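Take a look at the structure below.
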Amino acid sequence: MQYTIEYYSEAIEAQVLALPETLLSRYFYLTDRIGMSGPNLGPPHTKALGDGLLELRLKGAEGIARVMYCTQVGRRVVMLHSFTKKTDKIPASDLELARKRLKEIKNADT
C-alpha cells in the first residue's frame with residue numbers, strides 16, 4: 001500500500017514547488033520513493049529529528065534545502081515546512097515552526 005503526500009497548507013506546497021530546479025527534481029524523486037517505500041528512506045536522504053518530525057535532505061547544483069515532514073494515520077505524509085539551507089545547523093526558527101505545525105497536525109488527528 002502506498003503513502004500519500006500532503007501539505008500543511010497551500011503556501012507550503014507553493015514554497016516547495018518554488019525550489020530551484022535541481023532541488024525540486026530531487027524532491028520529486030525522493031517523494032516518489034517515500035510514496036512507494038515509506039517515510040524513512042534513511043541517510044543521506046532522510047533524517048529523524050525526534051517526536052515524529054523528519055527531514056527530507058535535498059542537495060543540488062543550486063545548494064541545499066530541507067523539507068520537514070511527519071507521518072499520520074492512514075499512510076499520510078504531511079510536508080510541514082521547507083527552507084534553503086545556508087549553515088550547517090538547522091536554524092532554530094525553522095525547527096520551531098516545523099515542531100509547532102507537527103503539534104497542530106497531531107492535535108487535529110486526535
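If you take the residues of segment 78-101 that are among the hydroxyl-bearing types (Ser, Thr, Tyr) and without any contact (Cβ under 8 Å) to a residue 24 or more places away in the chain, which of them is surrounded by the fewest Cβ atoms within 10 Å (Cβ to Cβ)?
The selected residue is Thr87.
Taking segment 51-77 only, how many residues are open to solvent by 80 Å² or more (accessible area, probe 1.4 Å) and either free of Cβ contacts under 8 Å to residues at least 40 places away in the same chain or within 18 Å of Phe28 (Cβ to Cβ) (or both)?
So the answer is 4.
Give the residues of segment 19-51 that are part of a loop (DSSP other than H, G, I, E, B), small (Gly, Ala, Ser) and farther than 19 Å from Glu6 by Cβ, sorted by residue number.
Gly42 - this is the single residue of segment 19-51 that is part of a loop (DSSP other than H, G, I, E, B), small (Gly, Ala, Ser) and farther than 19 Å from Glu6 by Cβ.
Being in contact with a Pro (Cβ under 8 Å, 6 or more places away or on another chain) and open to solvent by less than 20 Å² (accessible area, probe 1.4 Å), is that true of even one residue in segment 42-49?
yes
Residue by residue through segment 26-41, note down the ones that are of a type in the set (S, T, N, Q) and open to solvent by 70 Å² or more (accessible area, probe 1.4 Å).
Within segment 26-41, the subset of a type in the set (S, T, N, Q) is 31, 37, 40.
Scanning segment 26-41 gives Ser37, Asn40.
The values are calculated or read from the model by the stated rules, or taken from the named source; none is laboratory data. Bear in mind that the values here come from a model prediction, so they are computed numbers and not experimental data. Positions of Cβ are backbone-derived with ideal geometry, glycine not excepted, and every protein chain shown enters the neighbour counts. The protein model used for the area step is the full one, side chains on, heavy atoms only, and it has no ligands, DNA or RNA in it. Shrake-Rupley method; radii C 1.70, N 1.55, O 1.52, S 1.80 Å.
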